[in-house]
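Trainee: I have a structure I would like to understand better, so I am pasting it below and will then ask my questions one at a time.
The values are calculated or read from the model by the stated rules, or taken from the named source; none is laboratory data. This structure is a prediction, so every number in the text was calculated from the model and none was measured. All Cβ positions, even for glycine, are placed from backbone atoms using ideal geometry, and neighbour counts span all protein chains on display. Accessible surface is based on the protein model in full, side chains and every heavy atom, while ligands, DNA and RNA are left aside. Shrake-Rupley method; radii C 1.70, N 1.55, O 1.52, S 1.80 Å.
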Amino acid sequence: MLEGSCLCGDISFKVNARPEGVSVCHCRQCRRQSGHLWASAYVARSDLSISGTVKWYEASETAKRGFCPRCGSSLFWAAHAEDTMSFALGALEEPTGLRLEKHIFVADKGDYYDIADGVPQKD
Ligand SMILES: [Zn+2]
């Protein structure tokens with residue numbers, strides 16, 4: 001079982017299933033909210049137990065983003081139409097046993113870096 005927490009520790013979470021979609025997102029929203037990139041994976045919402053009070057930001061009509069109101073850590077992402085929840089890989093305790101599977105929204109990536117790790121890329 002994976003566990004994670006925000007920077008200050010007010011919010012922690014447990015992942016009770018094998019995560020899917022281990023990826024790095026290069027879209028504008030993820031880059032703005034995280035300060036660079038947002039790496040995440042997802043499980044069914046029922047397989048993610050969260051402790052602490054998450055602040056939710058309605059980032060668009062289709063999805064919300066959860067963060068710690070005290071330290072600002074970007075922790076969760078959830079589409080309203082899906083029954084899954086994404087969580088930040090950077091918040092996990094190690095070893096995670098996970099490996100990046102893909103880069104997504106690379107067409108929106110910043111102009112100040114290259115992606116050169118050999119992991120598959122999707123526009
Ligand atoms: Zn915090």
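Trainee: Once both labels are modelled 7 Å past Cα along the beta-carbon direction, what's the Thr53-Met1 spacing in nm?
Mentor: About 2.5 nm, to one decimal.
Trainee: Next question, about the same structure. From the backbone phi of the range 17-30, what are the Karplus-calculated ³J(HN,Hα) couplings (6.51 cos²θ - 1.76 cosθ + 1.60, θ = phi - 60°) in whole Hz, Gly and Pro given as x?
Mentor: Per-residue couplings from phi come out as 8, 6, x, 10, x, 6, 8, 10, 9, 9, 5, 4, 4, 5 Hz.
Trainee: Now, a different point. Would you mind working out the accessible area per residue for the chain, using a 1.4 Å probe, and quoting it in Å²?
Mentor: Per residue, the chain has an accessible area of 59 Å².
Trainee: Right, another one. Using 0.36 nm times the number of residues separating Asp123 and Val106, minus their current alpha carbon distance, what extension gain do you get? Don't jump to the answer; show the numbers that get you there.
Mentor: Working: separation 17, 0.36 × 17 = 6.12 nm, distance 0.49 nm.
Here the answer is 5.6 nm.
Trainee: If you take every residue apart from Ser5 with its C-beta less than 15 Å away from the C-beta of Ser5, what net charge results, scoring Lys and Arg +1 and Asp and Glu -1?
Mentor: So the environment of Ser5 carries a net charge of -2.
Trainee: If you scale each eigenvalue of the Cα gyration tensor by 5 and take the root, what three semi-axes come out for the chain, rounded to whole angstrom and sorted largest first? Walk me through the numbers on the way to the answer.
Mentor: Details: eigenvalues 96, 56, 41 Å².
Equivalent ellipsoid of the chain: 22, 17, 14 Å, largest first.
Trainee: Ignoring ligands and nucleic acids, what accessible area does Trp77 show with a 1.4 Å probe (Å², nearest 10)?
Mentor: We get 70 Å² for Trp77.
Trainee: Assuming 0.36 nm per residue, please report the length gained on full extension of the stretch Ala63 to Ala17 beyond their Cα-Cα distance.
Mentor: Working: separation 46, 0.36 × 46 = 16.56 nm, distance 2.21 nm.
Length difference between fully extended and current span is 14.4 nm.
Trainee: Can you give the charge dipole size of the chain about its Cα centre, rounded to the nearest 20 debye, using +1 on the beta carbon of Lys and Arg and -1 on the beta carbon of Asp and Glu?
Mentor: Values: 14 positive and 16 negative charges, 49 e Å.
Dipole about the Cα centre, nearest 20: 240 debye.
Trainee: For the chain, with all protein chains present and a 1.4 Å probe, just round the carbon and sulfur fraction of the accessible area to a whole percent.
Mentor: Numbers: 3390 of 7230 Å².
In the chain, the share of accessible area belonging to carbon and sulfur is 47 percent.
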